[in-house]
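The values are calculated or read from the model by the stated rules, or taken from the named source; none is laboratory data. Treat the numbers as computed from the prediction; the structure is a model and nothing was measured. Heads up, the Cβs are rebuilt from the backbone with ideal geometry, glycines too, and the neighbour counts pull from every protein chain shown. The accessibility values were calculated without ligands, DNA or RNA, using every heavy atom of the protein model including side chains. Shrake-Rupley method; radii C 1.70, N 1.55, O 1.52, S 1.80 Å.
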Amino acid sequence: MHELSIAQSIIEIAEAEARKESSRCIQTIKIRLGEFTTVVREALEFAFEVARRDTLAETARLEIESVPMLLRCVVCGPVTDPVRELCLICSQCGLPLEVVSGEELQVEYIELKSEAERM
Amino acid sequence: MDRVSVQTNALKANQEIATENRRLFAGEGTVVINLMSAPGAGKTTLLEATIRELRGRYRLAVIEGDLQTALDSRRIQALGTRCHQITTGTVCHLDARMVARALAEFPVHGLDLIVIENVGNLICPASYDLGESLRVVICSAAEGVEKPKKYPVMFHKADVVLLNKTDLATASGVDLRDLETNVREVNPKATVFAVSCKTGAGLDVWVAWLRDVIESCGTVASART
């Protein structure tokens with residue numbers, strides 16, 4: 001259940017940014033989560049509910065954008081066919097495929113409530 | 001409402017400490033292996049077999065990660081090799097900070113090789129860089145042929161994959177060629193060795209490869225005879 005420590009890291013990053021903006025209330029945390037990671041979306045959502053307590057993200061919403069796995073061959077170019085059982089070998093030329101996207105675990109942006117909105 | 005762009009990897013804090021660890025190891029000319037597998041695939045047994053071949057020739061140390069107990073540490077220390085135990089409690093993986101803390105109380109000055117034996121788990125440890133120079137993943141034949149496909153991130157990120165317990169392949173109904181194909185499909189760039197720590201088959205090839213890595217890393221020890 002490493003999603004809990006990842007949720008804590010996400011909140012720490014968001015809190016640091018919020019403090020820079022002198023905000024005390026994070027409304028949204030937007031992340032990009034690749035398909036080819038070890039992080040399970042539902043487990044991360046659950047872990048976030050637990051980890052946000054007593055933080056600046058106490059009432060924040062976690063918005064997760066799933067990033068599909070895209071592959072590319074240095075010779076033959078982008079792979080457009082569905083990948084059969086995660087075979088990362090180019091079906092045309094036999095070279096190893098590169099993972100272009102799908103490994104993301106990235107905090108994109110946060111949305112902060114202004115002091116006026118908190119009143 | 002204000003939107004603030006962040007664009008930061010969620011594991012940035014771990015990555016920063018891993019970079020520090022890596023800098024420390026590089027400064028010492030030490031090869032550092034992050035050894036990972038499912039529980040029971042044979043990490044500690046492989047480590048014992050490897051230590052028997054390398055001790056006396058190189059300066060070695062081991063950092064053991066387990067949820068509980070110092071059983072594995074005692075096995076390593078029984079070979080006369082320095083070993084530090086990290087007990088993670090409930091945490092299912094080692095992270096760079098745990099290794100940095102271990103290094104603070106377990107001096108690694110002048111070593112040729114450090115092996116960090118991670119918590120037995122094919123999922124979470126894959127996400128945490130410890131500052132290692134090599135990721136070595138063990139898959140035992142007794143686990144069946146499909147593990148590399150079921151845990152692709154772990155196998156994809158490996159530099160070396162050791163297929164262990166080859167002596168059990170027939171009894172487990174496993175064709176080692178199928179297992180190797182599955183490894184190569186998720187990681188065409190991996191260096192793959194087939195070994196049996198029980199019979200010793202294939203260990204010479206792995207140890208010779210590892211010796212080349214240690215030698216090419218530089219400042220090999222005065223302990224060498």
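Can you find, within the range A:38-61, the residue that is farthest from B:Q7 (Cα to Cα) among those that are under 13 Å from the mean Cα position of the chain (by Cα) and open to solvent by 30 Å² or more (accessible area, probe 1.4 Å)? Selected residue: A:E42. Just for the range A:14-26: of the residues that are at the interface with chain B (Cβ under 9 Å from one of its Cβ atoms) and open to solvent by 60 Å² or more (accessible area, probe 1.4 Å), which one is nearest to B:D129 (Cα to Cα)? That would be A:K20.
Here is a yes/no grid of residues against (1) within 17 Å of the chain's Cα centre (by Cα); (2) without any contact (Cβ under 8 Å) to a residue 40 or more places away in the chain:
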| residue | (1), (2) |
| --- | --- |
| B:I76 | yes, yes |
| B:P107 | no, yes |
| B:I123 | yes, yes |
| B:V137 | yes, no |
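The strands (runs of 3 or more DSSP E) falling completely within the range A:61-119 that include 2 or more residues that are within 11 Å of chain B (Cβ to nearest Cβ) map to A:98-101, A:105-112. For the range B:7-20, indicate whether the set of residues that are over 30 Å from A:I64 (Cα atoms), open to solvent by 10 Å² or more (accessible area, probe 1.4 Å) and either in contact (Cβ under 8 Å) with a residue 24 or more places away in the chain or out of contact with any strand residue (DSSP E or B) (no Cβ under 9 Å at 6 or more places or on another chain) (or both) is non-empty. There is at least one residue in the range B:7-20 that is over 30 Å from A:I64 (Cα atoms), open to solvent by 10 Å² or more (accessible area, probe 1.4 Å) and either in contact (Cβ under 8 Å) with a residue 24 or more places away in the chain or out of contact with any strand residue (DSSP E or B) (no Cβ under 9 Å at 6 or more places or on another chain) (or both).
Scoring B:D72 on the criteria (1) open to solvent by 20 Å² or more (accessible area, probe 1.4 Å); (2) in contact with a helix residue (DSSP H, G or I) (Cβ under 8 Å, 6 or more places away or on another chain); (3) in a loop (DSSP other than H, G, I, E, B) leaves a single failure, condition (3).
Is there a residue being polar (S, T, N, Q) and open to solvent by less than 70 Å² (accessible area, probe 1.4 Å) anywhere in the range A:6-13?
yes
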